[in-house]
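Here's the structure, in structure tokens; my notes come after.
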Amino acid sequence: MTMENDLLNPPLPQAPHLALPKLPTWLCRLWHKMLTPLFKHFEHGRIEITLPSGGHLVYGAGSPDGPTAHVTVHQHATLWRILSRGPLGLAESYMDAQWSCDDLTTLFDICLKNRAIFEAIRARGSVAHLFARLKHLSRANSLKGSRRNIAYHYDLGNDFYDLWLDRTMTYSSALGVKAGEDLAISQWRKFDKALAMCNAKEGDHILEIGCGWGAFAERATDAGCQVDGLTLSREQLAYSTVRAETKEFSDRARFHLRDYRHETGTYNAIVSIEMIEAVGEENWPVYFQCLRDRLKPGGQAAIQAITIHDDQYERYRRSADFIQTYIFPGGMLPTKGLMKEHAEQAGLELVEQHIFGADYAKTLARWRQNFLAAWPKIAALGYDERFRRMWLYYLSYCEAGFENGTIDVGLYSFRKPA
């Protein structure tokens, strides 16, 4: 921990304490001894831990009525996995049902508000993260690797996603999410914003890089545009094609199983919604050059991107986190600054940006609720309890990240010179 962090997070007068005067076993005392240094700079919220042998640890000086996460440890082996593998060990032990929490999102929120805790846990897993990073590098987004990486996540099955996404089948952040409002309305609102930011007009031909299940194409054709959508997912291609035929916009939208690097046409506008995260750092220059090459002079591209803060980027790019290891192999988040830099190098001008990370937290909360409600039907598709816990961890982890601003999402408009 740096001196700067020590100054920003001075030790609290009230040290982490035990709710019970005595711990029943030496294993409980070991938990106390190993965790207390990690929690010494606890300033926000409260974490209560119940151990297998009956011990009870309470960390944080917060009021019991404030943000509190209740953690129940089912196996003492959890401690070793956290100490040896850091954040990956925390995730893996949860996936293996070695511990549970009444509210994962609150737990992650507390950890992110107490950055010193998160950094201390991460430092414990440096070796594990090195190996995870090497595995991540082996999943590079070559032409063959990109298709494999996309299939890993998006080819889980249309039936799976249909059970918990909103009725538009959109797997990206909605815009202007309101309590009690159908999430589909917020998704249409996002598509309308993207159309405005790429300056699309009736009769324009739009290239969509990463077309998902065809929701944007449906909205764009309703606005009088022609759309060519690219995907690397066979499941998405099949769904989008049937969608266009069923909803009678197949004469205005075509979908292709094609890598963006193989596209040769030119278009009035380009839209790419949360696809850049799957491009890979090594291919960002290629991606932005593709945008320029595929745009007609004066054309604009609207890119929706999840970004990570500049001060976290170098550490992030040198390791591989839970999401890169288990959810999105080959994934890599850019920073806002890097996007602008690569765009300018490709000859594109950033003309507008609209940031809405808080809406992603709300979108993820809806997805998490839908996922849990639909779990009996998801399980009937053949997915097991480890899969359920992995996805719950993933959705809660991301929700807390957007809520705290550790990661963000925005729509960015780039223009090619006339």
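The values are calculated or read from the model by the stated rules, or taken from the named source; none is laboratory data. The structure presented is a predicted model; accordingly, all values stated were derived computationally and were not measured. Don't worry about glycine lacking a Cβ; one is built from the backbone with ideal geometry, like all the others, and counts go over all protein chains shown.
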#### Entry: Test: Phe387 is assigned to a helix (DSSP H, G or I) and touching a strand residue (DSSP E or B) at 6+ places or on another chain (Cβ under 9 Å)
no
#### Entry: Residue that is within 20 Å of Leu257 (Cα to Cα), out of contact with any helix residue (DSSP H, G or I) (no Cβ under 7 Å at 6 or more places or on another chain) and either at pLDDT 95 or above or aliphatic (A, V, I, L, M) (or both), where the choices are Ala215, Ala238, Ala179
Ala238
### Task
For the stretch 278-287, indicate whether the set of residues that are at negative phi and over 28 Å from the mean Cα position of the chain (by Cα) is non-empty.
no
### Task
May I ask you to list the residues in the stretch 246-262 that are within 21 Å of Glu218 (Cβ to Cβ) and in a loop (DSSP other than H, G, I, E, B)?
Lys247, Glu248, Phe249, Ser250, Asp251, Arg252, Arg258
### Query
How about the stretch 67-116: which of its residues are under 21 Å from Glu385 (Cα atoms), of a type in the set (Gly, Ala, Ser) and part of a helix (DSSP H, G or I)?
Ala77, Gly89, Ala91, Ser93
#### Entry: Hey, Asp109 surrounded by fewer than 17 Cβ atoms within 10 Å (Cβ to Cβ), within 24 Å of Cys398 (Cα to Cα), of a type in the set (D, E, K, R) and modelled with pLDDT of 80 or more or not
no
## Note on the structure
Only one of Ala400, Ala379, Ala361, Ala346 is over 30 Å from Asp293 (Cβ atoms) and more than 19 Å from the chain's Cα centre (by Cα), namely Ala379
### Summary
In the set His309, His262, the lone residue that is on the phi < 0 side of the Ramachandran plot, surrounded by fewer than 16 Cβ atoms within 10 Å (Cβ to Cβ) and more than 22 Å from the chain's Cα centre (by Cα) is His262
### Message
Please determine whether any residue of the stretch 407-414 is among the aromatic types (Phe, Trp, Tyr), within 13 Å of the chain's Cα centre (by Cα) and closer than 21 Å to Trp188 by Cα.
### Response
no
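Conditions tested, residue by residue: (1) farther than 15 Å from Gly347 by Cβ; (2) assigned by TED's automatic domain parsing to the domain that holds Gly210; (3) in a strand (DSSP E or B).
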residue: Gly265; (1), (2), (3): yes, yes, no
residue: Ala269; (1), (2), (3): yes, yes, yes
residue: Pro285; (1), (2), (3): no, yes, no
residue: Cys290; (1), (2), (3): no, yes, no
residue: Ala301; (1), (2), (3): no, yes, yes
### Query
Across the stretch 216-259, what is the number of residues that are without any contact (Cβ under 8 Å) to a residue 24 or more places away in the chain and surrounded by 19 or more Cβ atoms within 10 Å (Cβ to Cβ)?
1
